[in-house]
Every structure is written in C-alpha cells, then in structure tokens.
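**Q** Supplied in structure tokens, the structure appears directly below.
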C-alpha cells in the first residue's frame, strides 16, 4: 500500500488548486487554457456518495478474458480528494470538454450489464464513462459531474514538453492511483 509516500514536487502541484467544473462550465468564472498540460479530475463532492457508489467492475483483459477490479480508497493520505482520472493533452481546454460530453444531457451508456465496464464513446471521455458506471442509477450524469468533480492541471512547456507530459502523467498515475485510469491492457 502506498499511503505514506512523499510526492515529487511536480506531482504534488497537481493536487493543489482544484477548480470545480461547475465554476468552469456553468458559472464561467474560470477559463481553461489551450496549452499543453497534465490534468487530474477529482471527486470533490460528498464522500458518502462516492463510498456508496458501484466500485466493482469487470474489464476485458488479454485474450478478451474478463478481469475483476475493485476501486479502493488507496490514494496517498495527504490528498484531500479522490483522484478519478489523470491525462495529458496538447490543448487543455478542448480535452476537458471532451471528457464531460457537455452536449449529452442524458446517460450515454444506457444498459451496463454484468458489471462490465463499457467501452468509452470516444478515447477522450473516460471521466463520463467512469461516472456513469459507478453511478448506474444517476439519470443526469452531466449535472452530477458539474456539481461533484473538480479539475487541476500543470502546464507543461519547453524543449522536452512532449516527453515530460508522458513521464509526468505516468508518475502521477502511479502515485495517485486514479480510479478511471484502470484498464487491464497496460
């Protein structure tokens, strides 16, 4: 268990300055950048809601074999919120919108059967896919996301920006262990 670790400074910055998605997309009092970054979505809503969510799933592994996964509260103790998904992008503003599927008012995934994680609608909407999976009875997942999920990001610039994004994303995933970054193919 990695609960008593010291986070590298760059990764520690990702756990600060968390902005509510409601402030970004509803109140519009925060603007996103169109620069390269690594970013993290955080559960900032009620801890009882997330603790009572569906936390077991099956994903397709090698040779299409189903692998059982259970989301645990295994993130480092110094984090005040639950990390949901960490990613990298060359355009933060565009990528964050893709994750939420703002134009989709209702559920995107209607029939999730046998606890099998659905394939995301696009390769950039893992947050929406994960929220709909762990809250299968939520009829308005977009609103749930806007009310209960926050965002933080670190701008990555310079000569080694491309390689830095890859390494820092992997490092952050290893330290924070976000729920929706799990798949069995890695």
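The values are calculated or read from the model by the stated rules, or taken from the named source; none is laboratory data. These numbers were taken from a predicted model, which means no experiment stands behind them. For neighbour counting, all protein chains shown are included, and Cβ atoms are generated from backbone atoms with ideal geometry for every residue, glycine included.
**Q** Which members of the stretch 149-162 meet the condition of being closer than 29 Å to residue 103 by Cα and part of a loop (DSSP other than H, G, I, E, B)? Walk me through it before giving the result.
**A** So in the stretch 149-162, the residues closer than 29 Å to residue 103 by Cα come out as 149-156.
Hit for the stretch 149-162 is 156, nothing else.
**Q** Go through the residues of the stretch 79-89 one by one and say whether even a single one is surrounded by 18 or more Cβ atoms within 10 Å (Cβ to Cβ), modelled with pLDDT of 90 or more and over 14 Å from residue 149 (Cβ atoms).
**A** So far as the stretch 79-89 goes, yes, one or more of its residues are surrounded by 18 or more Cβ atoms within 10 Å (Cβ to Cβ), modelled with pLDDT of 90 or more and over 14 Å from residue 149 (Cβ atoms).
**Q** If residue 123 satisfies every condition in (1) part of a loop (DSSP other than H, G, I, E, B); (2) in contact (Cβ under 8 Å) with a residue 24 or more places away in the chain; (3) under 14 Å from the mean Cα position of the chain (by Cα) but one, which is the exception?
**A** Here residue 123 clears every test but (2).
**Q** While we're looking at this one, here's another question. Select from the stretch 129-143 the residues that are surrounded by fewer than 16 Cβ atoms within 10 Å (Cβ to Cβ) and either touching a helix residue (DSSP H, G or I) at 6+ places or on another chain (Cβ under 9 Å) or without any contact (Cβ under 8 Å) to a residue 40 or more places away in the chain (or both) and write down the one among them that is nearest to residue 44 (Cα to Cα).
**A** Here is the first cut: in the stretch 129-143, the residues surrounded by fewer than 16 Cβ atoms within 10 Å (Cβ to Cβ) are 136-137, 139-140, 143.
Narrowing further to those that are either touching a helix residue (DSSP H, G or I) at 6+ places or on another chain (Cβ under 9 Å) or without any contact (Cβ under 8 Å) to a residue 40 or more places away in the chain (or both): 137, 139-140, 143.
Values: 137: 20, 139: 20, 140: 17, 143: 14 Å.
The residue in question is 143.
**Q** Can I ask one more? If you take the residues of the stretch 96-122 that are surrounded by fewer than 18 Cβ atoms within 10 Å (Cβ to Cβ) and touching a strand residue (DSSP E or B) at 6+ places or on another chain (Cβ under 8 Å), which of them is farthest from residue 156 (Cα to Cα)?
**A** Among those that are surrounded by fewer than 18 Cβ atoms within 10 Å (Cβ to Cβ) and touching a strand residue (DSSP E or B) at 6+ places or on another chain (Cβ under 8 Å), it is 114.
**Q** Output the residues belonging to the stretch 33-72 that are within 21 Å of residue 11 (Cα to Cα) and modelled with pLDDT of 85 or more.
**A** Once the filter is applied, which keeps residues that are within 21 Å of residue 11 (Cα to Cα) and modelled with pLDDT of 85 or more, the stretch 33-72 yields 34, 35, 36, 37, 38, 39, 40, 41, 42, 43, 44.
**Q** Taking residue 146, is it modelled with pLDDT of 90 or more, surrounded by 13 or more Cβ atoms within 10 Å (Cβ to Cβ) and in a helix (DSSP H, G or I)?
**A** In short, yes.
**Q** Can you name the number of the only condition in (1) within 19 Å of residue 92 (Cα to Cα); (2) assigned to a helix (DSSP H, G or I) that residue 30 fails?
**A** Only one criterion in (1) within 19 Å of residue 92 (Cα to Cα); (2) assigned to a helix (DSSP H, G or I) is unmet by residue 30, namely (2).
**Q** Another one. Among (1) within 26 Å of residue 163 (Cα to Cα); (2) at pLDDT 80 or above, which single condition is residue 123 missing?
**A** (2)
**Q** For residue 96, which of the numbered conditions (1) within 13 Å of the chain's Cα centre (by Cα); (2) free of Cβ contacts under 8 Å to residues at least 40 places away in the same chain fails to hold?
**A** (2)
**Q** Out of the stretch 148-184, which residues are out of contact with any strand residue (DSSP E or B) (no Cβ under 8 Å at 6 or more places or on another chain) and more than 12 Å from residue 10 (Cα to Cα)?
**A** Residues satisfying the conditions are 157, 158, 159, 160, 161, 162, 163, 170, 174.
**Q** Further question: So for the stretch 9-25 (the condition being closer than 29 Å to residue 157 by Cβ, part of a loop (DSSP other than H, G, I, E, B) and modelled with pLDDT of 90 or more), does at least one residue qualify?
**A** Yes.
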